[in-house]
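What follows draws every value from the coordinates through simple rules; no lab data is involved. These figures come from a predicted structure and were not determined experimentally. FYI the Cβ positions are ideal-geometry reconstructions off the backbone, even for glycines, and counts take in every protein chain you see.
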Amino acid sequence: MDKVIVAENLSLSYSKDETIINKVNFSIDSGSFVFITGASGSGKSTLLKSIYGALKPTNGSLVVAGVELKGVTKAKLNLLRKHTGIVFQDYKLVKEWTIEKNIMLPLIINGYDKSVTQHQVDSLLKHVRLKHQAGKYPKELSGGEQQRVAMARALAHNPVLILADEPTGNLDEYSSQLIWNLLEGANNQLKATVIVVTHHIPESMSIDYKHFNIEFGSIHEVT
Amino acid sequence: MKSLKNHLSLVIALLSILFSLQTFIIVDRSIDAYKANLINNYSIVVVSQKKLKNETIKRSHNLISEIIPLTPDNVIQRLEIDMSKKNVELLKLSLPKFYKIKLKNYPSPKEINDLTKSLLKTATIIKVESFAKSHDTTYKLLLLFKTVIFVFACSMVIVTILLISKELKIWQFKHHERMNIMSMFGAPTWLRSAVLFRLSIVDALVASFLAFFLFSYLDSTKWIGEQFKNIGIEVVFFDKITDFGLMLIVAISLSILLASFIVIGHKEEV
């Protein structure tokens with residue numbers, strides 16, 4: 001099976017004094033569903049940031065979808081991000097845009113046709129049960145609803161890689177289940193690789209998944 | 001409301017720069033018109049032992065536009081009462097030749113000095129009267145006026161640029177989050193900053209049109225025209241094509257520069 005992520009002796013740090021991830025080796029198969037767990041401050045989100053290129057490797061190598069992220073050019077990074085869907089714990093929705101426009105963002109960036117964009121957004125709004133809220137602004141929505149919008153945005157352009165940073169962190173049962181269903185659907189139907197950073201793996205998972213745990217700067221697969 | 005306030009700050013800042021620019025242009029035009037007016041009443045008097053050739057004198061300095069011989073007849077007529085005809089004829093022959101030299105434009109004191117020296121190089125010329133003292137006073141007054149207006153315009157531009165740089169920080173903060181989110185989804189720089197450029201160009205257009213209406217209104221008032229007439233000049237107060245064109249170029253360039261600073265200063269959040 002093709003590897004979508006390959007890390008060799010990967011080290012990550014925000015400053016010279018403190019190494020968050022220390023010389024780790026791991027790989028993730030294309031089309032797999034992966035959970036990354038670990039205690040608070042263990043480096044889960046840091047690892048995720050490095051996968052979408054927001055944090056460059058301090059040492060070692062990190063290859064994502066064939067792109068070496070150490071010393072990657074802005075153009076190559078943009079290309080990689082165009083095929084990646086990201087869900088942030090704090091949603092990161094554009095406040096001054098409507099829900100509809102927020103979901104459109106990756107489609108606009110990828111240069112989709114207007115009619116295709118509208119059709120895709122309508123379909124996603126239905127999926128996340130927010131069709132009636134399309135014209136509203138993020139601040140008019142609850143946390144759960146905002147996260148569903150962020151989820152729809154991450155799936156809008158049918159990405160090959162979906163990264164989610166604690167996507168159900170502060171959500172109610174209903175919204176959490178909806179998010180997990182969407183992530184499972186993306187992996188199952190779209191064959192996207194899904195990497196989720198979380199504290200707890202939901203018991204309701206109906207598909208096979210891999211589980212990595214980060215502890216003291218090292219990563220190991222939980223079997 | 002907050003967004004409108006942000007726009008208004010940039011529009012007002014740009015408007016004050018355009019106002020300073022147009023004021024300086026008007027003053028510059030007024031001074032040029034006044035100089036053109038002065039040159040009609042200013043000339044240099046040259047005294048020569050022999051008749052001067054028009055072309056030779058014209059060639060001696062490029063400021064010279066015309067040489068007009070001055071006849072001594074008026075003075076001689078007064079002397080004819082007490083002198084015989086023969087003596088008058090003799091006097092006419094022995095008198096030097098007087099010429100009035102007209103110049104192409106109002107000269108600086110240095111140009112007058114150079115011109116005097118050039119004229120005196122001609123062997124037959126014995127005296128050049130440039131009325132330098134009164135000329136110098138007028139010239140220096142004009143120069144002082146122009147400098148004062150220039151300093152005023154510059155200080156206004158500096159204060160406005162300081163205001164704009166403060167505005168820049170607000171815009172940087174305001175657009176940072178959106179640009180950051182767009183960057184996470186792989187938006188190229190031009191797409192991330194398109195909104196910013198569009199907004200700043202709209203502000204530049206608003207400021208330019210406000211300045212256009214302001215100066216068009218002032219141009220249409222009788223009072224302005226009368227002030228120029230009082231000092232004997234006619235000045236184009238506001239040229240709706242060239243002046244407005246310049247305003248547009250200045251305002252759009254400044255706002256694009258402002259937006260570019262924000263784009264360059266934007267750093268992706270880690």
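The GluC sites (Glu not before Pro) of region B:47-127 meeting both criteria, a DSSP state outside H, G, I, E and B (loop) and at most 16 other C-beta atoms within 10 angstrom of the site's C-beta, are B:E80.
With coordinates expressed along the principal axes, the C-alpha atoms belonging to the protein assembly as shown extend over 139, 49, 37 Å, beginning with the largest. The residues B:M156, B:M83, A:M104, A:M151, when put in order of fewest to most other Cβ atoms within 10 Å, stand as B:M83, B:M156, A:M104, A:M151. Taking the fewest neighbouring Cβ atoms within 10 Å as the starting point, the ordered list for B:S253, A:S13 is B:S253, A:S13.
Amide hydrogen proximity for A:S32: with H placed 1.01 Å from N in the peptide plane, the residues at 5 or more positions away or on another chain lying under 5 Å are A:V194. Considering helices alone, the calculated mean residue ellipticity of the protein assembly as shown at 222 nm is -18000 deg cm²/dmol, with DSSP H runs of length four and up weighted by -39500 (n - 2.57) and normalised per residue. Looking at region A:153-223, the DSSP beta bridges with both ends there are about 50 percent antiparallel. Shielding by partners for peptide B:176-183, expressed as the average number of C-beta atoms from other protein chains within 10 Å of each residue's C-beta, is 5. Cα gyration tensor of region A:25-72, axes a ≥ b ≥ c as square roots of the eigenvalues: rounded (a/c below 1.5), prolate (a/b > b/c) or oblate? Oblate, because a/c is 1.5 or more while a/b does not exceed b/c. With both residues required to sit in the protein assembly as shown, DSSP beta bridges show an antiparallel share near 65%. The antiparallel fraction among DSSP beta bridges confined to chain A stands at about 50%. Among the trypsin sites (Lys or Arg not before Pro) within region B:1-83, those in coil by DSSP and having at most 10 neighbouring Cβ atoms inside 10 Å are B:K51.
Just so you know, the Cα atoms of chain A work out to an Rg and Dmax of 17.1, 51 Å. Look at the alpha carbon pairs under 8 Å that are at least 6 residues apart: their mean separation over the length of region B:134-270 gives a relative contact order of 35 percent. For peptide A:9-18, the mean count of partner chain Cβ atoms within 10 Å of a residue's Cβ comes to 0. Quick one: among A:I36, A:I103, A:I20, which has the greatest mean-square fluctuation in a GNM of chain A with alpha-carbon springs under 10 angstrom? Highest fluctuation of the listed residues: A:I20. Between B:I224, B:I112, B:I17, the Gaussian network model of chain B with springs among Cα atoms under 10 angstrom shows the greatest mean-square fluctuation at B:I224. A crude spin-label estimate for the pair A:H199 and B:N6, with each label 7 Å from Cα along the Cβ direction, gives 3.4 nm.
For region A:83-138, relative contact order (Cα pairs under 8 Å, six or more residues apart, normalised by length) works out to 51 percent.
When the trypsin sites (Lys or Arg not before Pro) in region A:1-103 are filtered for DSSP coil states and for at most 13 other beta-carbon atoms within 10 Å of their beta-carbon, the remaining sites are A:K16, A:K95. Based on C-alpha pairs under 8 angstrom that are at least 6 apart in sequence, region A:1-156 has a relative contact order of 21 percent.
Checking the cross-link pairs A:K95/A:K210; B:K5/B:K222; B:K121/B:K146; B:K100/B:K133; A:K191/B:K267 against a 27 Å limit on the alpha carbon distance flags A:K95/A:K210; B:K5/B:K222; B:K121/B:K146; A:K191/B:K267 as lying beyond it. Sorting A:H220, B:H61 by the number of Cβ atoms found within 10 Å of their own Cβ, with the fewest placed first, yields A:H220, B:H61. Stretching B:T138 away from B:D82 to a fully extended chain increases their span by 16.0 nm, per 0.36 nm per residue minus the current alpha-carbon distance. Dipole of the protein assembly as shown computed with +1 at Lys/Arg Cβ and -1 at Asp/Glu Cβ about the Cα centre; of B:M179, A:H200, B:N113, farthest Cα towards the positive end is B:N113.
Peptide B:186-194 has a mean shielding of 4, counted as Cβ atoms of other protein chains within 10 Å of each residue's Cβ.
Extension gain for A:S123 to A:Y174 (0.36 nm times residue separation, less C-alpha to C-alpha distance): 16.4 nm.
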